[in-house]
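Here the structure is laid out as C-alpha coordinates; the discussion comes afterwards.
The values are calculated or read from the model by the stated rules, or taken from the named source; none is laboratory data. In this text, all values refer to a predicted model and were calculated from it rather than measured experimentally. For neighbour counting, all protein chains shown are included, and Cβ atoms are generated from backbone atoms with ideal geometry for every residue, glycine included. Heads up: the accessible areas ignore ligands, DNA and RNA and are worked out on the full protein's heavy atoms, side chains in. Shrake-Rupley method; radii C 1.70, N 1.55, O 1.52, S 1.80 Å.
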Amino acid sequence: MKVLYGMIYAPERGGSGAPIYTNHLMKGMNEHGDQAGIVFSVHHSYSPSPDLPYEVYPLFFDRPPIFDNLPQALGSIPFKEMTETQVRNYIDAFYQSFEKLTQRDSYELIHVQHGMYIGYAAALIKAKYHVPYFVSLHAMELNFLEEFPDPIFAMKAMTDADEILALSQSQKDRLLAEYTIDRIIEIDMK
(Lines give C-alpha, C1' and ligand atoms only; values in the text may rest on other atoms or scores of the structure.)
Protein backbone atom coordinates (compact mmCIF):
# COMPACT_ATOMS: atom_id res chain seq x y z
CA MET A 1 0.00 0.00 0.00
CA LYS A 2 1.12 3.58 -0.66
CA VAL A 3 0.31 5.98 2.18
CA LEU A 4 0.87 9.71 2.01
CA TYR A 5 1.27 11.42 5.37
CA GLY A 6 0.57 15.06 6.15
CA MET A 7 2.13 16.83 9.09
CA ILE A 8 3.01 20.23 10.49
CA TYR A 9 6.80 19.79 10.46
CA ALA A 10 9.59 17.43 9.43
CA PRO A 11 9.18 14.11 11.26
CA GLU A 12 12.86 13.25 11.41
CA ARG A 13 13.53 16.47 13.33
CA GLY A 14 11.41 15.41 16.32
CA GLY A 15 10.22 18.16 18.63
CA SER A 16 7.22 16.38 20.14
CA GLY A 17 5.54 13.00 20.22
CA ALA A 18 3.72 13.35 16.87
CA PRO A 19 6.78 13.70 14.61
CA ILE A 20 8.63 10.94 16.45
CA TYR A 21 5.59 8.67 16.15
CA THR A 22 5.14 9.50 12.45
CA ASN A 23 8.82 8.94 11.67
CA HIS A 24 8.71 5.45 13.26
CA LEU A 25 5.38 4.65 11.58
CA MET A 26 6.72 5.48 8.11
CA LYS A 27 9.97 3.58 8.69
CA GLY A 28 7.92 0.57 9.82
CA MET A 29 5.74 0.72 6.73
CA ASN A 30 8.76 0.55 4.46
CA GLU A 31 10.24 -2.31 6.49
CA HIS A 32 7.02 -4.25 5.85
CA GLY A 33 7.10 -3.67 2.10
CA ASP A 34 4.67 -0.75 1.90
CA GLN A 35 5.56 2.73 0.67
CA ALA A 36 5.27 5.97 2.60
CA GLY A 37 5.79 9.61 1.75
CA ILE A 38 5.12 12.76 3.73
CA VAL A 39 4.07 16.34 2.99
CA PHE A 40 4.91 18.88 5.69
CA SER A 41 5.45 22.59 6.18
CA VAL A 42 8.90 23.87 7.02
CA HIS A 43 11.17 26.90 6.88
CA HIS A 44 13.23 27.49 3.71
CA SER A 45 16.42 26.50 5.56
CA TYR A 46 15.32 22.86 5.91
CA SER A 47 17.21 20.10 4.12
CA PRO A 48 16.13 16.47 4.56
CA SER A 49 18.29 13.89 6.27
CA PRO A 50 20.02 11.88 3.53
CA ASP A 51 19.23 8.43 4.93
CA LEU A 52 15.43 8.60 5.21
CA PRO A 53 13.70 5.41 3.99
CA TYR A 54 10.63 7.33 2.82
CA GLU A 55 9.88 10.16 0.40
CA VAL A 56 9.70 13.71 1.76
CA TYR A 57 7.77 16.52 0.06
CA PRO A 58 8.50 19.68 2.06
CA LEU A 59 6.36 22.77 1.59
CA PHE A 60 8.53 25.79 2.25
CA PHE A 61 7.23 28.84 4.11
CA ASP A 62 8.88 31.96 5.53
CA ARG A 63 6.72 31.43 8.64
CA PRO A 64 5.65 27.79 8.91
CA PRO A 65 2.57 27.56 11.14
CA ILE A 66 2.66 25.50 14.31
CA PHE A 67 0.54 25.19 17.44
CA ASP A 68 2.79 27.54 19.37
CA ASN A 69 6.25 29.10 19.08
CA LEU A 70 8.90 26.41 19.31
CA PRO A 71 12.59 27.22 19.06
CA GLN A 72 13.32 24.11 16.96
CA ALA A 73 10.73 25.19 14.35
CA LEU A 74 12.70 28.01 12.76
CA GLY A 75 10.62 31.08 11.90
CA SER A 76 7.39 29.44 13.08
CA ILE A 77 4.16 31.33 13.61
CA PRO A 78 1.38 30.10 15.93
CA PHE A 79 -1.79 29.13 14.06
CA LYS A 80 -3.71 31.67 16.14
CA GLU A 81 -1.63 34.52 14.64
CA MET A 82 -2.15 33.58 10.98
CA THR A 83 -3.93 35.99 8.65
CA GLU A 84 -6.72 34.82 6.33
CA THR A 85 -4.29 34.99 3.43
CA GLN A 86 -1.74 32.84 5.26
CA VAL A 87 -4.44 30.27 6.08
CA ARG A 88 -5.60 30.12 2.44
CA ASN A 89 -2.02 29.80 1.17
CA TYR A 90 -1.25 27.07 3.71
CA ILE A 91 -4.33 25.00 2.86
CA ASP A 92 -3.77 25.53 -0.86
CA ALA A 93 -0.14 24.36 -0.65
CA PHE A 94 -1.18 21.12 1.08
CA TYR A 95 -4.11 20.60 -1.28
CA GLN A 96 -1.95 21.03 -4.39
CA SER A 97 0.71 18.69 -3.05
CA PHE A 98 -1.85 16.04 -2.03
CA GLU A 99 -3.55 16.35 -5.41
CA LYS A 100 -0.33 16.02 -7.39
CA LEU A 101 0.99 13.09 -5.37
CA THR A 102 -2.24 11.06 -5.20
CA GLN A 103 -2.75 11.45 -8.94
CA ARG A 104 0.86 11.22 -10.20
CA ASP A 105 2.29 8.73 -7.70
CA SER A 106 -0.91 6.77 -6.92
CA TYR A 107 -0.91 7.21 -3.15
CA GLU A 108 -3.96 5.26 -1.94
CA LEU A 109 -4.51 6.77 1.50
CA ILE A 110 -3.71 10.04 3.26
CA HIS A 111 -2.82 9.89 6.96
CA VAL A 112 -2.90 13.29 8.65
CA GLN A 113 -1.44 14.15 12.03
CA HIS A 114 -3.73 16.43 14.09
CA GLY A 115 -6.29 17.19 11.34
CA MET A 116 -6.94 20.92 11.47
CA TYR A 117 -5.96 22.71 8.22
CA ILE A 118 -4.03 19.79 6.74
CA GLY A 119 -7.04 17.56 7.32
CA TYR A 120 -9.23 20.09 5.55
CA ALA A 121 -7.01 19.80 2.47
CA ALA A 122 -7.31 15.99 2.73
CA ALA A 123 -11.12 16.32 2.97
CA LEU A 124 -11.14 18.28 -0.30
CA ILE A 125 -9.02 15.58 -1.98
CA LYS A 126 -11.37 12.91 -0.69
CA ALA A 127 -14.39 14.77 -2.08
CA LYS A 128 -12.81 15.28 -5.52
CA TYR A 129 -10.78 12.08 -6.01
CA HIS A 130 -12.28 9.62 -3.48
CA VAL A 131 -8.93 9.12 -1.73
CA PRO A 132 -9.70 8.15 1.89
CA TYR A 133 -7.92 9.76 4.81
CA PHE A 134 -7.25 9.04 8.47
CA VAL A 135 -6.56 11.53 11.24
CA SER A 136 -4.30 10.68 14.19
CA LEU A 137 -5.30 12.50 17.34
CA HIS A 138 -3.19 13.95 20.07
CA ALA A 139 -4.38 16.07 23.01
CA MET A 140 -3.62 19.36 21.27
CA GLU A 141 -6.58 19.11 18.89
CA LEU A 142 -8.77 19.82 21.93
CA ASN A 143 -6.44 22.28 23.64
CA PHE A 144 -5.87 24.51 20.62
CA LEU A 145 -9.24 24.49 18.84
CA GLU A 146 -10.25 27.87 20.28
CA GLU A 147 -7.02 29.41 19.00
CA PHE A 148 -7.64 28.50 15.36
CA PRO A 149 -8.64 31.46 13.17
CA ASP A 150 -11.06 29.23 11.20
CA PRO A 151 -12.45 26.40 13.36
CA ILE A 152 -14.89 25.34 10.60
CA PHE A 153 -11.92 24.03 8.58
CA ALA A 154 -10.84 21.98 11.59
CA MET A 155 -14.37 20.61 12.06
CA LYS A 156 -14.60 19.46 8.42
CA ALA A 157 -11.19 17.80 8.73
CA MET A 158 -12.44 15.70 11.64
CA THR A 159 -16.00 15.00 10.55
CA ASP A 160 -15.12 13.93 6.99
CA ALA A 161 -12.27 11.59 8.01
CA ASP A 162 -12.73 7.92 7.19
CA GLU A 163 -11.17 7.02 10.51
CA ILE A 164 -9.98 8.86 13.58
CA LEU A 165 -7.11 7.13 15.31
CA ALA A 166 -6.88 7.93 19.02
CA LEU A 167 -5.15 6.54 22.08
CA SER A 168 -8.53 5.70 23.61
CA GLN A 169 -12.20 5.67 22.72
CA SER A 170 -12.87 8.28 25.41
CA GLN A 171 -10.36 10.67 23.77
CA LYS A 172 -12.07 10.13 20.40
CA ASP A 173 -15.53 10.67 21.96
CA ARG A 174 -14.33 13.84 23.70
CA LEU A 175 -12.98 15.22 20.42
CA LEU A 176 -16.20 14.48 18.51
CA ALA A 177 -18.21 16.14 21.30
CA GLU A 178 -15.99 19.23 21.00
CA TYR A 179 -16.16 19.39 17.18
CA THR A 180 -19.93 19.82 16.91
CA ILE A 181 -21.51 22.46 14.70
CA ASP A 182 -22.90 24.31 17.76
CA ARG A 183 -19.48 24.43 19.45
CA ILE A 184 -17.74 25.54 16.26
CA ILE A 185 -20.29 28.33 15.71
CA GLU A 186 -19.82 29.44 19.32
CA ILE A 187 -16.04 29.58 18.87
CA ASP A 188 -16.31 31.26 15.47
CA MET A 189 -18.58 33.99 16.90
CA LYS A 190 -16.01 34.86 19.57
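Each of Leu52, Phe79, Gly37 was placed along the dipole of the stretch 32-96 (beta-carbon charges, centred on the mean Cα), and the one lying farthest toward the positive end is Phe79. The residues of the stretch 107-190 expose on average 46 square angstrom of accessible surface per residue, using a 1.4 Å probe on protein heavy atoms. Please list the helices of the chain that count as membrane-span-like by this rule: a mean Kyte-Doolittle hydropathy of at least -0.5 together with Cα atoms stretching 18 Å or more along the helix axis, each helix being a complete DSSP H run. Span-like helices in the chain: 116-129. Positive-end ranking of Pro132, Gln103, Gln169 along the dipole of the stretch 44-190, with charges on Cβ about the Cα centre, is headed by Gln103.
For the pair Glu81 and Lys27, a Förster radius of 35 Å applied to the C-beta separation gives a FRET efficiency near 0.55, rounded to the nearest 0.05. For the stretch 47-190, the tally of Lys pairs with Cα-Cα distances below 17 Å comes to 6, considering only residues 8 or more apart or on different chains. Think of each Lys and Arg Cβ as +1 and each Asp and Glu Cβ as -1; about the Cα centre, that makes the dipole of the stretch 31-119 roughly 280 debye. At the residue level, Arg174 shows approximately 140 square angstrom of accessible surface with a 1.4 angstrom probe and all protein chains present.
Expressed as a whole percent, the accessible surface of the chain that belongs to carbon and sulfur atoms is 53, based on a 1.4 Å probe. Computed over every Cα-Cα pair of the stretch 1-155 and binned at 10 Å starting from 0, the pair-distance distribution P(r) comes out as 11, 44, 37, 8, 0 percent.
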